[in-house]
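First the structure, in the form of structure tokens, and then the observations on it.
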Amino acid sequence: MSRKRPMDDADELLARLGSLTAQARERAVLQRSQVELAIALQRGMLPGELPATPRFRLAARYVPAFNGLNVGGDWYDAFVLPDGRIGLSIGDVQGHNIEAAAFMGQVRVGLRALASVTSEPGELLARTNDLLLSLGTELFATCVFMRLDPSTGVLESARAGHIPCVWATADGRSGIAEDEGGPPLGIQEGAEYPMTRYRLTTGGVFVLLTDGVVEGPALTVDEGLDHVVRLAGIAAVAGMDAGSLAAAVIKVSELVGHEDDAAVLVLGDEGPDVRP
């Protein structure tokens, strides 16, 4: 009976290692392809341009996360409603994969479509909730939807399980919006979403954001929000434009550790004398 030579054993080990290396390489290439596809889906579904009026300015920033497949469904949107008012939304879909990115597109498109029927924020979120439940998916989404009247500066807001917005005024006051809110979209049948009214005054700002901006290994959500509140207050007093504030807020995600994708949408009242 023959016995294997040591060299045979070494050759077999090398062959197995080579096979495992090839499989690992294939998985890495596949994973990277999935990440790139998810990012492309997200960026393709974000608006190319944001509406503007002679008085109000909108600016947005989005930063994807690159921690494995930690590419989720954060989005922002702004569009002109049939009655001339402006709709603003920001949200986050559960999960971090291609399915979450695709579901994000369904939520965003559903909000836009239903806004042509009703733009009252609370009712719009309730109808979107019913729509997502009818899809039969296990995913859900958090969201804030606001409706701005450019002629008065009145903001009407409803929130579905999402992180609250931040506000600031030109006289140095700033804080976190206190709208009551309801459950995330796609979880509870017949959910209701109370509406809260705000009024934006000259020099004031509203910051809509996702939790990837303010939550991470280095900071809690409350600590991250405190940073954004201070930034918004400084920006309003200094007369900073919406784009500069959005760029400053998105950098908070670096401070918290940036493990999740992050989105920011800033609405600024630059005054009645400002022209496009």
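The values are calculated or read from the model by the stated rules, or taken from the named source; none is laboratory data. Predicted model only: the values in this text are computed from it and were never measured. Glycine gets a Cβ as well: all are built from the backbone with ideal geometry, and neighbour counts include every protein chain shown.
Just one of the listed residues (Val237, Val207) is part of a helix (DSSP H, G or I) and in contact (Cβ under 8 Å) with a residue 24 or more places away in the chain, namely Val237. When restricted to residues that are surrounded by fewer than 24 Cβ atoms within 10 Å (Cβ to Cβ) and either modelled with pLDDT under 80 or under 13 Å from the mean Cα position of the chain (by Cα) (or both), segment 58-75 contains 11.
Out of segment 145-188, which residues are acidic (Asp, Glu) and within 18 Å of Gly84 (Cβ to Cβ)? It would help to see each step written out before you state the result.
First, the residues of segment 145-188 that are acidic (Asp, Glu): 149, 156, 171, 178-180.
If the condition is that a residue be acidic (Asp, Glu) and within 18 Å of Gly84 (Cβ to Cβ), then Asp149, Glu156 are the ones that fit.
Does segment 239-254 include one or more residues that are under 20 Å from Leu125 (Cα atoms) and modelled with pLDDT under 95? Taking every residue of segment 239-254 in turn, none turns out to be under 20 Å from Leu125 (Cα atoms) and modelled with pLDDT under 95.
Identify, please: which residue in segment 211-233 is modelled with pLDDT under 95 and among the β-branched types (Val, Ile, Thr) and is, among those, nearest to the chain's Cα centre (by Cα)? Among residues in segment 211-233 that are modelled with pLDDT under 95 and among the β-branched types (Val, Ile, Thr), the one nearest to the chain's Cα centre (by Cα) is Val213. Against the definition (free of Cβ contacts under 8 Å to residues at least 40 places away in the same chain and touching a Ser or Thr at 6+ places or on another chain (Cβ under 8 Å)), how does Glu178 come out, yes or no? In short, yes. Note on segment 188-205: residues that are closer than 19 Å to Leu111 by Cβ, buried (at least 17 other Cβ atoms within 10 Å of the Cβ) and touching a Gly at 6+ places or on another chain (Cβ under 8 Å) total 3.
Sub-7 Å Cβ pairs linking a first residue in segment 215-229 that is buried (at least 17 other Cβ atoms within 10 Å of the Cβ) to a second residue that is assigned to a loop (DSSP other than H, G, I, E, B), at least 6 apart or interchain, are Gly216/Gly257; Gly216/His258; Gly216/Glu259; Gly224/Glu215, ordered by first then second residue. For segment 27-44, the count of residues that are out of contact with any Gly (no Cβ under 9 Å at 6 or more places or on another chain), modelled with pLDDT of 65 or more and either surrounded by fewer than 20 Cβ atoms within 10 Å (Cβ to Cβ) or closer than 21 Å to Thr142 by Cα (or both) is zero. Scanning segment 133-149 for residues that are crowded, with 22+ Cβ neighbours inside 10 Å and aliphatic (A, V, I, L, M) yields Ala141, Val144, Met146, Leu148.
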